[in-house]
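Q: Questions regarding the structure given below will be posed in turn.
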Amino acid sequence: MSKIKKTALIGVVGASALTAGYYTFVKPSTQSLTTNSTPQNTKQEAQKESKKTKSTSTNTTSSLGKENVTYKDGTYTGGVTKTNVGNFQVSVDIQGGKIANVNVLLQPNEEFSQSINKTALPKYVEEAIVAQSSDIALVSGASETFEGFKGSLQDALNKAK
């Protein structure tokens, strides 16, 4: 029997002027549509515990990664990364061996792309600074922006090593 999980909308990040431009993040509901509640609850509790453990180990690994990776101070410009919607280019400011800021130098100027990038790029910049790498999460609905940003960022970071 296949299991179907209900999901709950936890936030709308942004919407473009066009009707096809909604970005949403969904979080699985803790309730299941199956009627066998005891095994399902036990499984859900195990999954929650597993997520907590993974979260803790991921944070530890990330913290260790931050300690081990140091870059040469300065400003480094990544190469232009081409995507289906246009070109992206970023520069990275390194201070004290760490990523201090990421500046977007080039991005598509078409209206629909601009509306997506207005929401996604600040999140990508923030995540890159926190991760101290190009290991960032994809924002739903912004995969081309993700590929362009991440590609140029990685090139800049390679130059900073």
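Every number here is computed from the coordinates shown, using simple stated rules; none is lab data. Here the structure is a predicted model, which means the values were calculated and not measured. Here the Cβ is made from the backbone with ideal geometry for all residues, glycine too, and neighbour counts use every protein chain on show.
Q: Near LYS161, within a Cβ-to-Cβ distance under 14 Å, what is the net charge of the other residues, with Lys and Arg +1 and Asp and Glu -1?
A: Cβ neighbours under 14 Å give a net charge of +1.
Q: Once the piece of chain linking ASN101 and VAL80 is laid out straight, how much longer is it, given 0.36 nm per residue of separation minus the C-alpha distance between them?
A: The ASN101-VAL80 span can extend by a further 5.7 nm.
Q: Give the whole-number value, in cubic angstrom per residue, of the convex hull volume spanned by the C-alpha atoms of region 69-160.
A: Each residue corresponds to 72 Å³ of Cα convex hull volume.
Q: For ASP93, what charge total do you get from the other residues with a beta carbon under 13 Å from its beta carbon, if Lys and Arg give +1 and Asp and Glu give -1?
A: Residues near ASP93 contribute +2 overall.
Q: How much net charge surrounds THR83 when only other residues with a Cβ under 11 Å from its Cβ are counted (Lys, Arg +1; Asp, Glu -1)?
A: Summing Lys/Arg as +1 and Asp/Glu as -1 gives 0.
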